[in-house]
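Asker: I'd like to ask you about the structure that follows.
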Amino acid sequence: MADTFQFELVAPEKLIFSDAVEFVVVPGMEGDFGVLPGHALLLSTVRPGVVEIHEDNQPKHRYFVSGGFAEVTGDRCTVLSTETIPIDDIDREATQKRLELAELEWRDASSDEDRKKYEADVTVAQAMLDALK
Amino acid sequence: MPSLKDLRIRINSVRQTQKITSAMKLVAASKLKRAQEAAESARPYAESMDRMVGSLAGVMSDRSEDAPRLLAGTGADATHLIVVATGDRGLCGGFNSSITRAVRARIDELQKDGKSVKLYCVGRKGIEQLRRDFGNLIIEQIQGVGRRGATYDEAAEIGRKIAGLFEDGQFDVCTIVYNRFRTVMSQVVTFQQLIPFAAPEQTEPADTSDAIYEFEPEETEILEELLPRNISVQVFRALLENGASEQGARMTAMDSATRNAGEMINKLTLNYNRMRQAQITTELIEIVSGAEAL
């Protein structure tokens, strides 16, 4: 058994995943980064994308995260994400619909604030569809 | 002196009330369980968030001049925004009024110090109770939050609004008031400062301060993302705690109401029986003395 560290994936409502893992890939704002035990201290924002939890050099669990923050210390890695779904649970049609709706809203948005909000929605839905490919 | 019939009606009506209160108690108990679970499972997120903001704040404290305003505040404390989180419904003992009472006291205190106060009411009961005295202070209000348990989206909406008001320079200091859930029987009115960021006291101080984090992207950029979200998370936590407290308070209140109704029924039944017997005795005496007279 290889070295492991504690990985936690947390949504506002509950703890999604918490276990000792060997290797995790996190979609950082400035590019994906892999985390192994003993990783340097790091605080990063997370863009919408896929968190991959590896075991025996194989991706074992894949979760879609809608963006948030990641904190890495030597023996622990915590990812905070507003929306977290296992890849297998994503409904392609529903996501497609959500993307269209968000795009529509974005086009009709009257204020800057709304536009920003829907733009974020569009990015998340798009990233979700990309994750399915 | 009430007649027998009056007493009978009275007993029946108390019995109906008791049925209602005991049903409400059961409903509150099951809702309480759900609300408590929700509050507990939301804890890891809020705690991690606290830790991150705490460690960032530690880094930023050395160079406070370029710290975001959400962290450092505006430098003044002339205007206070109090976010009053109450329930939408009554019949839960002192749950709502204990919050509004604390808020009233806080407003008086702040106004005595020459500060101006604004209110953001979450929940119908808070609005109703504060409207009469402080109606002109309420700048925002929202109802129907968390009818089925607060969701993060609702909290984020409130958080965004608070951050927006802050950006507009509407206030300098923001505090949220809610009932912290301690046990089913006891809820503690809690004031928590949201803006500027105040590190919770119970976090371990030594652990993070000497560690040097790498930041990706820059500290300030992360903070700008993190702080608004932290507000939402704190609001979310407050709403969940409040939800659990409300059900707890309602359960306790309805439990004692049910017990009181029971006592009332016993007392009334005793009275009723006594009166019935007295009436029978009088009737018998009348018959006997009537027979003797013949």
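The values are calculated or read from the model by the stated rules, or taken from the named source; none is laboratory data. It should be emphasised that the depicted structure is a prediction, and the values quoted were computed from it without experimental measurement. Cβ coordinates were reconstructed from backbone atoms using ideal geometry, including for glycine residues, and neighbour counts include every protein chain displayed.
Asker: For the stretch B:44-55, what are the residues that are free of Cβ contacts under 8 Å to residues at least 40 places away in the same chain and under 23 Å from the mean Cα position of the chain (by Cα)?
Answerer: B:Pro44, B:Glu47
Asker: For the stretch A:74-85, enumerate the residues that are of a type outside the set (Lys, Arg), closer than 15 Å to A:Ser18 by Cβ and not in a loop (DSSP other than H, G, I, E, B).
Answerer: Passing the criteria: A:Cys77, A:Thr78, A:Val79, A:Leu80, A:Ser81, A:Thr84.
Asker: Something else now. Name the residues in the stretch A:67-106 that are charged (D, E, K, R) and more than 12 Å from chain B (Cβ to nearest Cβ), would you?
Answerer: A:Asp75, A:Asp88, A:Asp89, A:Asp91, A:Arg92, A:Glu93, A:Lys97, A:Arg98, A:Glu100, A:Glu103, A:Glu105
Asker: Here are the criteria: (1) more than 11 Å from every other protein chain (Cβ to nearest Cβ); (2) closer than 28 Å to B:Met52 by Cα. Tell me which single one A:Leu42 does not satisfy.
Answerer: Failed condition: (1).
Asker: Could you give me the residue pairs with C-beta distances under 7 Å whose first residue belongs to the stretch B:139-157 and is in contact (Cβ under 8 Å) with a residue 12 or more places away in the chain and closer than 21 Å to B:Leu32 by Cα, whose second residue is acidic (Asp, Glu) and part of a loop (DSSP other than H, G, I, E, B) wherever it lies, and which are 6+ apart or on separate chains?
Answerer: B:Gln143/B:Asp88; B:Gly144/B:Asp88; B:Arg147/B:Asp88; B:Tyr152/A:Glu13
Asker: Identify, by number, the condition in (1) under 28 Å from B:Val53 (Cβ atoms); (2) surrounded by 15 or more Cβ atoms within 10 Å (Cβ to Cβ) that A:Gly34 doesn't meet.
Answerer: (2)
Asker: So which of A:Arg92, A:Arg76, A:Arg98 is of a type in the set (Lys, Arg) and surrounded by 16 or more Cβ atoms within 10 Å (Cβ to Cβ)?
Answerer: Exactly one of A:Arg92, A:Arg76, A:Arg98 is of a type in the set (Lys, Arg) and surrounded by 16 or more Cβ atoms within 10 Å (Cβ to Cβ), namely A:Arg98.
Asker: Could you list, in sequence order, all residues of the stretch A:2-16 that are part of a strand (DSSP E or B) and either within 14 Å of the chain's Cα centre (by Cα) or at the interface with another protein chain (Cβ under 10 Å from one of its Cβ atoms) (or both)?
Answerer: Within the stretch A:2-16, A:Phe7, A:Glu8, A:Leu9, A:Val10, A:Leu15, A:Ile16 meet the criteria.
Asker: Can you tell which of A:Val35, A:Val26 is under 23 Å from B:Phe215 (Cα atoms) and away from chain B (no Cβ under 12 Å)?
Answerer: A:Val35
Asker: Provide a single number: the residues in the stretch B:184-228 that are facing chain A (nearest Cβ under 8 Å), modelled with pLDDT of 80 or more and not in a strand (DSSP E or B).
Answerer: Of the residues in the stretch B:184-228, 5 are facing chain A (nearest Cβ under 8 Å), modelled with pLDDT of 80 or more and not in a strand (DSSP E or B).
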